[in-house]
Structure formats: structure tokens, C-alpha cells
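Beneath this line is the structure, given in C-alpha cells, with notes to follow.
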Amino acid sequence: MSERELERVDVLAQVDDGRLGIDAGAGILGVSRRQMFRLLKRCRGGGAASIRHASRGRTAGNRIHDARRDLALSLVREHFTDFGPTLAAEKLAKLHGIRVSREMLRKWMAEAEIWLPRRQRHRIRQPRLRRDALGELIQPLGTLPSAMP
């Protein structure tokens, strides 16, 4: 259980024992008086474990199946390795009939290390050596500014 849920159980136990009033307990937990009665009823019926959220541990109802995810990633690896997530999502929908949101594809590609966000891409640049004199800059002959017509 989380820290917040443990605090809830402690406050509910104090209210149930009569050491704390309903209104005071509701104020501590930040819930209404009616919600306090609901929590007390649940705690009395199912114990401390009934305070936690009922859908904890369940998979989401709109979750994309792993086989579809693997198919999309294999197609991206095979055909669209140098594409970004937006264009890859468009091409998957147009050419292969797999409709996936670009944000979901971005997440999948980042997890599979096919694509990296711009901040994580490392570009190696060769440093320019410092000149001997302050303000000295040597330009190649072909790049001198010409007179404007």
C-alpha cells in the first residue's frame, strides 16, 4: 500500500474507534462527509485492503495487443528505420493498414531504441582550436565578402 493509503487506514481506524469525529476525519483526508461514510463502510466490510483502488493491477481496456506492437516495430525496423515517429505512423497506416497514433509509436520506437528524441541524440563536433591573438580569425580566400551590386 502507498503512504497515502496507509494514512487513510489510520484515520479510518481512529474514526471507527471513536477517537476522531467524522468531520475531523473527513477534513484530514480531504473528502466529504458522505465519502467518509462510504470509506468507513468499505473498511469495515473488507478490511484495510479494501481502501486501495479496485482497478490496481489490471491491464487497461484499450491496451494494444503485444503482437500488433511487435508487427508494427518489425515493419518500422524493416522499412522505415530513418523515419521519425510521425511519418512512420503515416506510412504504417497507408502502406500496411496498421493504425497507431504517432505518440504511441514514438514511445514504442524510443523503448526499442529505433528512434531517439532530439535531446538524447549526440552529435560529435570537432572543436575549433583557439587562435594565438585575441580577435584573430583566418578566412579562406574563396569566402571573402564581395561588394554588393
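The values are calculated or read from the model by the stated rules, or taken from the named source; none is laboratory data. Not measured: the values here are computed from a predicted model. Ideal geometry is used to build each Cβ from the backbone, glycine not excepted, and the neighbour counts take in all protein chains shown. Please note that ligands, DNA and RNA were not included when accessible areas were found on the heavy atoms of the full protein model with its side chains. Shrake-Rupley method; radii C 1.70, N 1.55, O 1.52, S 1.80 Å.
Can you tell me which residue among L20, L6, L12 is at pLDDT below 95 and in a loop (DSSP other than H, G, I, E, B)?
Values: L6 fails: in a loop (DSSP other than H, G, I, E, B); L12 fails: in a loop (DSSP other than H, G, I, E, B).
Result: L20 is the single residue among L20, L6, L12 that is at pLDDT below 95 and in a loop (DSSP other than H, G, I, E, B).
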| task | Under 9 Å between Cβ atoms, at least 6 apart or on separate chains: pull out the pairs that start in the stretch 115-131 with a residue that is over 17 Å from L105 (Cα atoms) and end on any residue that is open to solvent by less than 100 Å² (accessible area, probe 1.4 Å) and part of a helix (DSSP H, G or I). | result | Q120/A110
| request: Under 9 Å between Cβ atoms, at least 6 apart or on separate chains: pull out the pairs that start in the stretch 47-62 with a residue that is open to solvent by 80 Å² or more (accessible area, probe 1.4 Å) and end on any residue that is among the aliphatic types (A, V, I, L, M). | output: R52/M1
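Condition first: in contact with a Pro (Cβ under 9 Å, 6 or more places away or on another chain) and either aromatic (F, W, Y) or surrounded by 11 or more Cβ atoms within 10 Å (Cβ to Cβ) (or both). Can you find one or more residues in the stretch 4-19 that meet it?
From the stretch 4-19, those in contact with a Pro (Cβ under 9 Å, 6 or more places away or on another chain) are none; that's our starting set.
Looking through the stretch 4-19, none of the residues is in contact with a Pro (Cβ under 9 Å, 6 or more places away or on another chain) and either aromatic (F, W, Y) or surrounded by 11 or more Cβ atoms within 10 Å (Cβ to Cβ) (or both).
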| field | Condition check for D70: among the acidic types (D, E) and part of a helix (DSSP H, G or I) | value | yes
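Restricting to the stretch 47-65, and then to whatever is in contact with a helix residue (DSSP H, G or I) (Cβ under 6 Å, 6 or more places away or on another chain) and small (G, A, S), can you tell me which residue is farthest from A112 (Cα to Cα)? Break it down stepwise before answering.
In the first step, residues of the stretch 47-65 are kept if they are in contact with a helix residue (DSSP H, G or I) (Cβ under 6 Å, 6 or more places away or on another chain); the result is 48, 50-52.
Of the ones still in play, those that are also small (G, A, S) are 48, 50.
Working: A48: 40, S50: 38 Å.
Only one residue tops the list, namely A48.
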| Among the residues of the stretch 77-92, is there at least one that is within 20 Å of L6 (Cα to Cα), of a type in the set (S, T, N, Q) and at pLDDT below 90? | no
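Would you mind finding the one in R44, R68, R119, R125 that is closer than 30 Å to R4 by Cα, open to solvent by 70 Å² or more (accessible area, probe 1.4 Å) and out of contact with any helix residue (DSSP H, G or I) (no Cβ under 6 Å at 6 or more places or on another chain)? Break it down into steps so the answer makes sense when it comes.
Values: R68 fails: closer than 30 Å to R4 by Cα; R119 fails: closer than 30 Å to R4 by Cα; R125 fails: closer than 30 Å to R4 by Cα.
Result of the check over R44, R68, R119, R125: R44.
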